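Worksheet: the structure to be examined is printed underneath.
Since every read-out is calculated from the coordinates, none of them should be taken as a lab result. The structure presented is a predicted model; accordingly, all values stated were derived computationally and were not measured. Cβ placement follows ideal geometry from the backbone for every residue including glycine, while neighbour counts extend to all protein chains displayed.
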Amino acid sequence: MAIQKLDEKHVALTLGSLFAAVSAVWAGLVYAGYGQTFVNWMTGVHFIQAQAIVIPFDITTTIVLILAKFIIGALLGYAFATIWNKLSNKKRAR
């Protein structure tokens with residue numbers, strides 16, 4: 001089975017979009033008033049007892065969150081694809 005080369009831009013856009021979508025879902029939970037309930041549940045299922053207080057929804061914070069997560073995801077996706085291609089190129093050359 002041949003190791004395929006990854007398109008760095010496609011992987012970057014895919015991972016960036018995934019990170020942004022998760023953040024959009026989180027913002028939706030906060031907007032709907034379920035953010036605190038979700039945090040309480042999530043910490044409980046991980047055996048964590050911590051005081052985390054979810055602040056009220058703010059559209060500016062939401063936009064910054066989604067953009068920042070998209071950029072972080074895109075950078076990680078691009079780095080992953082680049083490393084994958086370099087390592088798999090060596091294996092293809094054998």
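Please label the shape of the chain as rounded, prolate or oblate, based on the square roots a ≥ b ≥ c of the eigenvalues of the alpha-carbon gyration tensor (a/c under 1.5 means rounded; beyond that, a/b larger than b/c means prolate, else oblate). Working shown, then result.
Values: a/c = 3.94, a/b = 2.19, b/c = 1.81.
Judged from the Cα gyration tensor, the chain comes out prolate (a/c at least 1.5, a/b above b/c).
Using DSSP to define loop residues, name the trypsin sites (Lys or Arg not before Pro) in region 1-75 whose beta-carbon has at most 16 other beta-carbon atoms within 10 Å.
5
In degrees, nearest 10, range 0 to 90: what is the angle between the Cα axis of helix 59-93 and the longest Cα principal axis of the chain?
Helix 59-93 sits roughly 20 degrees off the main axis of the chain.
Taking the Cα atoms only, what angle lies between the long axis of helix 8-32 and the longest principal axis of the chain, rounded to 10 degrees?
10 degrees
Kindly rank 10-21, 56-67 from highest to lowest mean number of other beta carbons found within 10 Å of each residue. Before the final figure, lay out each step's value.
Values: 10-21: 17.7, 56-67: 12.8.
In descending order of packing, they fall as 10-21, 56-67.
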